[in-house]
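Following: one structure in C-alpha cells, then a few remarks.
Where a number appears in this text, it was derived from the coordinates with a stated rule and is not lab data. Just so we're clear, the structure is a prediction, and the values are computed from it rather than from any experiment. Cβ: placed from backbone, ideal geometry, glycine included. Neighbour counts: every protein chain shown.
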Amino acid sequence: MEPATKDAFETASWGRRMLALIVDWAVCTLVVVAIIGTEQYGEQGGTSGFIVLGAYVLEAAVFTWLLAGSFGKLVTGLRVVPAGGVWRPINPVRLLARQVLVALVIPPLVFRPDGRGLHDMFAGTATVTKATYVSLIRS
C-alpha cells in the first residue's frame, strides 16, 4: 500500500466495510433489545426493526463525527476521512445524511472506481484503513 497523499489514497476493501456494518448492526440490535426488552423486540409486526435502523444511523453519524468512524469501523480498523486528503472536521449534518443514504442501501452499492459510494461522494468522504488515516492526520 502506498502512503497517503493529498492527491490520492487507497480506500478500504468492501469486505472490511461489510464486516464493520455487521458489527454496527449487531451492537445496535443489542442496545435496542436492552432498552425495549426481548418481548417487544420479538413482537410480530412491531417497529423494533425501524428502531434498530434509527439507532444505527444515529450511532454511525455521531461516532463518525467524534471519532472518525462508527463503532464497527473502529473495531475493524477503518476510518472515515475527507475525500480531499486534507484532514479537517466533517460537517455532522452531512455525516447524518451520509448514514441515511447508507440505510437506503442503494447508494453504497453504486460506487466509483476509487471505491467511494454515492453516500461518500455526497458527504465528501472516503473510508480508509487506520494506517491511511494516521498518515493523513500526520501530514
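Which residues, counting only those in segment 35-50, are surrounded by 14 or more Cβ atoms within 10 Å (Cβ to Cβ) and either among the aromatic types (Phe, Trp, Tyr) or under 18 Å from Val105 (Cβ atoms) (or both)? Passing the criteria: only Tyr41. Of all the listed residues (Val27, Val31, Val52, Val93), the sole one being over 12 Å from the mean Cα position of the chain (by Cα) and free of Cβ contacts under 8 Å to residues at least 12 places away in the same chain is Val93. Taken over segment 100-122, the residue count meeting the criterion of being touching a residue at least 24 places away in the same chain (Cβ under 8 Å) and either assigned to a strand (DSSP E or B) or within 15 Å of Trp87 (Cβ to Cβ) (or both) is 0. Residue count for segment 74-94 satisfying the condition of being in a helix (DSSP H, G or I) and either crowded, with 20+ Cβ neighbours inside 10 Å or not aliphatic (A, V, I, L, M) (or both): 2.
Among the residues making up segment 85-132, a single one is aromatic (Phe, Trp, Tyr) and under 18 Å from Trp14 (Cα atoms): Phe111. Here is a check on your reading of the model: is Thr64 in contact with a strand residue (DSSP E or B) (Cβ under 6 Å, 6 or more places away or on another chain), of a type in the set (S, T, N, Q) and part of a strand (DSSP E or B)? For Thr64, the condition - in contact with a strand residue (DSSP E or B) (Cβ under 6 Å, 6 or more places away or on another chain), of a type in the set (S, T, N, Q) and part of a strand (DSSP E or B) - is not met.
Scanning segment 90-139 for residues that are at positive phi and not β-branched (Val, Ile, Thr) yields a count of 2. Scanning segment 6-49 for residues that are in contact with a strand residue (DSSP E or B) (Cβ under 8 Å, 6 or more places away or on another chain), closer than 21 Å to Gln99 by Cβ and of a type in the set (Phe, Trp, Tyr) turns up nothing.
On inspection, Thr132 qualifies as in a helix (DSSP H, G or I) and either surrounded by 19 or more Cβ atoms within 10 Å (Cβ to Cβ) or free of Cβ contacts under 8 Å to residues at least 24 places away in the same chain (or both). Exactly one residue among Val80, Val86 is within 22 Å of Arg138 (Cα to Cα) and over 11 Å from the mean Cα position of the chain (by Cα), and that residue is Val86.
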